[in-house]
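These notes concern the structure reproduced below.
The values are calculated or read from the model by the stated rules, or taken from the named source; none is laboratory data. Nothing here was measured: the structure is a model prediction, and the numbers come from that model. Ideal geometry is used to build each Cβ from the backbone, glycine not excepted, and the neighbour counts take in all protein chains shown. Calculation scope for accessible area: heavy atoms of the full protein, side chains included, ligands and nucleic acids excluded. Shrake-Rupley method; radii C 1.70, N 1.55, O 1.52, S 1.80 Å.
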Amino acid sequence: MIRTWTASIVPLYEEDFYRLCYGQVPSFRREKADRMKGKQVRAQSVGVWLLYERMKKEYRIEADTAYNLSHSGDYVLCSVSTERHVKVGCDIEEVKEPNLKIAGRFFCPAEYEQIAGKKDKALQQEYFFRYWVLKESFAKATREGLALGMDTFEIMLGNPSVLVKQPENYPERYHYREAVLRGGELVPSESGTGCTESGEYEPEGKEYREDAGGGAYRIAVCSTDSGIEEVRQADFLKLLRVHIG
């Protein structure tokens, strides 16, 4: 089973709380954070590791089981496997202006055409970042990362999305789950689609908090385990109390 948590690091921007979290992570992680410049990147480094530590405790994760970390903007993301011999990768990206030049150069032709063919700018943005996190999560699951080459595998968006071409070195069947963060609220779904064809987001009756960690984020989890649970939203204020306790 694959479990995935995400959390806003906004509370870690406050120095006293950051120091409290800093004291709960291993020395090598503190040293890494110390080498970083900027409040946000330090909070990402400490926050994502604290999230992993809490998940290990929650699910009694062994040291040799797969996990993966990601962060972007005001959010961190962690996926863990409860079983050995499983591959897992995850990615979270803050939704900004899509870079069609990157898609044209590094994505597969069919993927680029899906993005560039959308006349609505909001849908271009939706498709670009959806492809981006799906491709990143697969690359990270293989442990090669961007060295794998984004055009060596092709994804067909769907419900769920599927790999229709993959490198010969990675013949296993991989599975996906997607989600969207919008204004601080998690919108889990099989496809993770947050836009209609008109490009308008549909909050499904929720009131989104635009001040709770920024705007929109795309999330994807990829694993050789088909049992990928929906992404859960965690709270560092609560996590730290439990962690210390």
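Figures for the structure shown
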quantity	calculated
Projected label distance in nm at Leu237 and Arg105, using a 7 Å step from Cα toward the beta-carbon	4.3
Summed residue charge, Cβ within 13 Å of Val80's Cβ, Lys/Arg positive, Asp/Glu negative	+1
Order of exposure, largest accessible area first, which applies to Met36, Met150 with probe 1.4 Å	Met36, Met150
Fraction of accessible area attributable to carbon and sulfur, region 87-158 (%, probe 1.4 Å)	52
Acute angle (nearest 10 degrees) that the helix 121-141 long axis makes with the longest principal axis of the chain, alpha-carbon atoms	60
Pairs from Lys37/Lys57; Lys96/Lys118; Lys39/Lys87; Lys57/Lys87; Lys57/Lys96; Lys32/Lys101 whose Cα-Cα separation, in the structure shown, is over 27 Å	Lys37/Lys57; Lys39/Lys87; Lys57/Lys96; Lys32/Lys101
Probe 1.4 Å - accessible area at Thr82, Å² to nearest ten	40
The chain: most fluctuating residue of Leu12, Leu146, Leu181 per GNM, C-alpha cutoff 10 Å	Leu146
Principal-axis tilt of helix 39-59 within the chain, Cα atoms, nearest 10 degrees	80
222 nm mean residue ellipticity, helices alone, for the chain (DSSP H n ≥ 4; -39,500 (n - 2.57); rounded to 500)	-10500 deg cm²/dmol
Area of Asp91 that stays accessible when all protein chains are in place (1.4 Å probe, Å², to 10)	10
Whole-number accessible area per residue in Å² for the chain, which is evaluated in the context of all protein chains at 1.4 Å	49
Förster radius 45 Å - calculated FRET efficiency between Leu146 and Asp16, Cβ distance, rounded to 0.05	0.80
Whole-angstrom gap from region 98-158 to region 8-31, using each part's C-alpha centre	33
For the chain, built as a Gaussian network whose Cα springs stay under 10 Å, the top-fluctuating residue of Glu93, Glu83, Glu111	Glu83
